[in-house]
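Asks: I have a structure I would like to understand better, so I am pasting it below and will then ask my questions one at a time.
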Amino acid sequence: MKKIVLSFLLSCLFNIAFSADEQTIRKRFYESVESAKVAKTFLEELKNISNEPNQALIDGYRAATCMVMAKHAFNPYSKFKYFSDGKRLLEKTITKNPENTELRLIRFAIQTNVPSFLGYNKEIIADKLFLLNNFSKLDIKSTTENQLRLIIKEYLIKSGLCTSSEIIKINQS
C-alpha cells in the first residue's frame with residue numbers, strides 16, 4: 001500500500017515539477033532533436049501529462065517527439081513505429097484543433113524535414129499558407145505568442161518554400 005501511495009505522490013509531484021508551459025515544452029523539444037536520451041525522457045514526461053489547458057499543444061509535441069525518436073532509433077521497425085505513431089497522433093490532434101497555429105507549424109516543420117519516401121508531405125502548402133495568414137495575428141505583447149511568432153517567421157524564411165513576395169509580407173508583419 002505504501003508503494004502505491006508513494007508512486008501516486010511521486011507522479012503528482014512529477015507533473016507539478018515538469019512545467020507544461022509552452023516555452024519549456026518548446027525548449028525541451030528542440031533539445032530532443034539533438035539527443036536520443038533527452039527525447040526519450042521528454043516523451044515519457046509528455047505521456048504523463050493530461051487534462052492541461054494546453055493539452056492540444058502537449059499532444060502535438062508528444063507526437064513530434066515520437067517522430068524524433070524515429071531519427072534516434074536504430075532498428076528499422078522501431079523507426080517506422082515511432083514515426084507512424086507520432087504521425088497518427090499529430091493528425092488526430094490537428095483534426096481536433098485545426099486553427100492551432102503552433103500545431104500547424106509542428107506539422108509543417110516535420111513534413112519539410114522527413115524523407116519524401118514516407119509520403120508525409122501532403123499538407124506542406126496548406127500549412128505554409130495557414131502560417132503566412134495567421135502568424136501576424138499572434139499577440140506580440142504576449143511573451144509566449146511573440147516567441148512563437150518569431151519562430152514561425154524564422155522557419156518560414158529558412159524553409160526555402162516562400163516566394164520573395166511572401167518573404168516581404170513576413171518581414172513587414
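Asks: Could you give the angle, 0 to 90 degrees to the nearest 10, between helix 55-72's Cα long axis and the longest principal axis of the Cα atoms of the chain?
Replies: Value to nearest ten degrees: 90.
Asks: At 222 nm, what helix-only mean residue ellipticity would the chain give, in deg cm²/dmol to the nearest 500, using -39500 (n - 2.57) for each DSSP H run of four or more? Numbers along the way, then the final one.
Replies: Details: 9 runs with 128 residues, N = 173.
Helix contribution divided over all residues of the chain: -24000 deg cm²/dmol.
Asks: Sort 32-38, 71-77 by packing, meaning the average of other beta carbons within 10 Å per residue, with the highest value first.
Replies: Numbers: 32-38: 14.9, 71-77: 12.0.
Put in order of decreasing packing, that is 32-38, 71-77.
Asks: Charges on Cβ only, +1 for Lys and Arg, -1 for Asp and Glu, centred on the Cα centroid of the chain; of Ser32, Gly160, Leu148, which one is farthest towards the dipole's positive end?
Replies: Ser32
Asks: Taking the Cα-to-Cβ direction at Tyr155 and at Gln172 and moving 7 Å from each Cα, how far apart do the two end points lie in nm?
Replies: With each label point 7 Å from Cα toward Cβ, the separation is 2.5 nm.
Asks: Helix 2-17 against the longest principal axis of the chain: what's the angle in degrees, Cα atoms only, rounded to the nearest 10?
Replies: Tilt of helix 2-17: around 20 degrees.
Asks: Compute the acute angle (0 to 90°) between the alpha-carbon long axis of helix 101-111 and the principal axis of greatest extent of the alpha-carbon atoms of the chain; round to the nearest 10°.
Replies: 90
Asks: For the chain, what D do you get in µm² per second when you plug the Kirkwood radius from alpha-carbon pairs into Stokes-Einstein at 4 °C and 1.567 mPa s?
Replies: 75
Asks: Once phi is turned into θ = phi - 60°, what whole-Hz ³J(HN,Hα) does the Karplus curve with 6.51, -1.76 and 1.60 give for every residue of segment 38-44, x standing for Gly and Pro?
Replies: So the Karplus estimates, Gly and Pro as x, are 5, 4, 5, 5, 4, 4, 5 Hz.
Asks: While we're on this one: Output wanted: per-residue J couplings in Hz (rounded whole) for segment 116-130, from phi through Karplus 6.51 cos²θ - 1.76 cosθ + 1.60, θ = phi - 60°, x for Gly and Pro.
Replies: Karplus-based 3J(HN,Hα) across segment 116-130 equals 5, 5, 6, x, 9, 8, 6, 10, 4, 5, 4, 5, 4, 5, 4 Hz.
Asks: Given +1 on the Cβ of Lys and Arg, -1 on the Cβ of Asp and Glu, and no further charges, what dipole in debye does segment 101-173 carry about its Cα centre, rounded to the nearest 20? Before the final figure, lay out the partial values.
Replies: Details: 10 positive and 7 negative charges, 14 e Å.
Dipole size: approximately 60 debye.
Bear in mind that the values in this text are calculations on the coordinates, not laboratory data. Every value quoted in this text rests on a predicted model; they were computed, and no experiment measured them. Cβ: placed from backbone, ideal geometry, glycine included. Neighbour counts: every protein chain shown.
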